[in-house]
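The structure under discussion appears below in the form of structure tokens.
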Amino acid sequence: MAGRIQTMILTPRPTQTPSFRHRQLNFPATRTTAYSTRSVLFNCSRSISSPLRIRANQRPDQIDDNGSGGAKTLGKSLLNFADNNFLPLALIGGVVSGLANPTLGCLADKYYLSKFSTFAIFITSGLTLRNGEIGDAIEAWPVGVFGICSILLFTPFLSKIILQIQLQPQEFVTGLAIFCCMPTTLSSGVALTQLAGGNSALALAMTVVSNLLGILIVPFSISRFIAAGIGVSVPTKELFRSLVITLLIPLILGKVFRESFKGLADYVDRNRKLFSKMNAIFLSLAPFIQVSRSRSMLLMVKPSVFLVAVGMGVLLHLILLSFNVIAIQGFSTVSGTNQLASAKKKNATAYVLVASQKTLPVMVAVVEQLGGAFGESGLLVLPCVAAHLNQIIMDSFLVNFWLRKDLASKSAKAA
């Protein structure tokens, strides 16, 4: 019996558990307990140690975490880049879409989607317009008056310089000269000012007033600087009615909705970034439609000539930006206002962005009424389409630079 027990202890067979339990009843209690304890310890050590060795050697869970972590980091970086550069990406996307598939853009133009987008931008501007911002615009009335003078009286003098350039077709040069005499953009200046954190109420005031006064002043500017005294017929009544419908009425409606519904005002204030992105999407419809309309004519022009015209438009906008930056600095020094530095910065942001841009829709309406007096209408408008897109894209990157600079300065102060 002892030899038999020794043999079983030295050569246990854990896989045959039922037969072991059957034999266990025939042994003395002390020996059975010893055997059971050793057998259980032996089996537990095998069941615990084997999985641990597999995890230590293969580590599949860590490999999965590293792989998914890298993908999440890349995705987060791309989303942050798109969020920080939403407006320029939207505008560039509109240009590319218009070149790739002009059918949709022409269809949108057929159903006046560009007017709807301008209407929507000013509805949104009215919704986001706080009463305090209106007070800030009233306080900044000297800056507003100076901005309107810059838009309608100072910058049209650049058309005389542009006309000295020799380029074929000459309509490219004449078109850019007419472009200099235009009022500010109907929507992009306001949208960019809101994104930059500037005085949006001041930007709205300069936009509305300059475009309404521009109906009266633009014919005089074209006659003096471009037509050399030849009378030019401009559709004053039609332009005035169009601007009232697309600018003034939606702005008032948006403000009325904000003041009528308290919950709506609170919602808009909590989601101002969302409404800014909506404005950016509406704004991107303009280049999409304009490029779609001009694509066929663009393909007929020599690339080298068109690139020269594009370069002229870029240079024109850089000159306007430089002039207005210097002008507002000089004006702030001479006026000597007692405003806080933050208020001055907001007013200067609105002034530089709004006064440095020129509107394309008014220019197109004016050219259509000229009846070919200055050349082919399509060739007159084409370089201005490029200049209009360039100024919006350049200013969107400028706004993005300002926002990053402000963020860096705030982080440095917090540290």
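The values are calculated or read from the model by the stated rules, or taken from the named source; none is laboratory data. Fair warning: this is a prediction, and the values are worked out from it, not measured in the lab. When we count neighbours, we look across all protein chains shown, and the Cβ atoms used for this are built from the backbone with ideal geometry, even at glycine. Heads up: the accessible areas ignore ligands, DNA and RNA and are worked out on the full protein's heavy atoms, side chains in. Shrake-Rupley method; radii C 1.70, N 1.55, O 1.52, S 1.80 Å.
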Probe 1.4 Å, protein heavy atoms only - accessible area per residue of segment 167-281 in square angstrom: 41
Spacing of the two label points (7 Å from each Cα toward its C-beta) at residue 314 and residue 261, in nm: 4.5
On the protein heavy atoms, probe 1.4 angstrom, tell me the percent of accessible surface of segment 167-221 carried by carbon and sulfur. 74
Partners for residue 273 among lysines (Cα-Cα distance below 28 Å; same-chain residues under 8 apart left out): 72, 76, 115, 255, 262, 344, 345, 346, 358, 405, 410, 413
Can you pull the percent of segment 342-415's accessible area that's carbon plus sulfur, 1.4 Å probe, other chains left in place? 62
With every protein chain kept in place and a 1.4 Å probe, segment 107-155 has an accessible area per residue in Å² of 49
Surface share of carbon and sulfur [accessible, 1.4 angstrom probe, percent] for segment 238-333: 72
Can you put 247, 403, 158 in order of accessible area, largest first, using a 1.4 Å probe? 403, 158, 247
In whole Å, what is the distance between the alpha-carbon centres of segment 75-153 and segment 172-209? 10
Tell me, in nm to one decimal, what length is gained between residue 73 and residue 153 on full extension, where the rule is 0.36 nm per residue of separation less the Cα-Cα distance? 23.6 nm
Loop only per DSSP, at most 16 neighbouring Cβ atoms within 10 Å: give me the chymotrypsin sites (Phe, Trp or Tyr not before Pro) in segment 99-143, ordered by residue number. 111, 112
For residue 104, put the label point 7 Å out on the Cα→Cβ axis and report which residues of segment 276-302 keep their amide N under 19 Å from it. 278-296
